[in-house]
Amino acid sequence: MTIRAILADDEPLVLGGLSMLLSVDPDIEVVAQVGDGQAAVRAVEEFHPDVAVLDVRMPIMDGVEATRRITSGELDDDTHDPASPSVLVLSTFNIDEAVFAALRAGASGFLLKDAAPRDLRTATKAVAAGNAWLDPAVARNLIAEFAARPDSALPPPEDLRLLTPREREVLILMAHGLNNGEIAAHLVVGEGTVKTHVSRILMKLGLRDRTQAVVMAYRSQLISIGAQPPSTANSFVGRPPERRW
């Protein structure tokens, strides 16, 4: 199925470049290009995309507020479609207060503007599929900074006791950056089973998305910065899994 995307950036050359980079992928259709966050919200209401790719700093309404409105279901939408698009935020800076705010507002991913073109396409597909994506160049630092900051939206670490041993294992693998397919291969289970575990983790912990789950895993010290994924007897042995975040 084709992924429908809207793009928002206040620099016309950057906006055109993003559109060209995504449009070369036959699985992605750019349905709207706008220059500010307010226009991005309107475009989401009009076109019902799967993904909104937003510059985090824009005039009129920045990417943080646009993200909050897009993911919170507060759109002026007569269709009452409960499915909000995923948001991928872009930034020139790798550690940026606006990026932290956008992730807290509900963004599913963060990518640096100097990333490789293939990373933009991969990140767009990842968040469209319901996965989290953090730019691999800064993921560890970003998570460490983010996890160290107070966030009343996250449950206390002791709530991890609500998880079954298998759910904790899935959460650890999520925090290591594995997507659902990689977790399924790692645990030698079906991808549908992994999706069920992920849904139950989010439900039990009262979390909005995978990004919050990853932050909670680090903040609760379920996993530490620099830790390696648990070893397994399957195909991941002998090579590290590709980081998806």
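Coordinate-derived values only; no laboratory data. For clarity, every value in this text was computed on a predicted model and none was experimentally measured.
Key figures for this structure:
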{"quantity": "Full-stretch length increase - LYS195, THR164 - with 0.36 nm per residue and alpha-carbon distance subtracted", "calculated": "9.7 nm"}
{"quantity": "Convex hull projection area averaged over all views, the stretch 7-74, Cα basis, nm²", "calculated": "4.1"}
{"quantity": "Cα-based reach from LYS204 at 21 Å (exclusive), listing lysines while leaving out same-chain residues under 8 positions away", "calculated": "LYS195"}
{"quantity": "Kirkwood hydrodynamic radius over Cα pairs of the stretch 151-219, then Stokes diffusion coefficient at 4 °C and 1.567 mPa s, in µm²/s", "calculated": "109"}
{"quantity": "Gain in span if fully extended, LYS204 to VAL24, counting 0.36 nm per residue against the direct Cα distance", "calculated": "60.8 nm"}
{"quantity": "Pairs of Cα atoms farther than 20 Å apart, the stretch 3-137, %", "calculated": "35"}
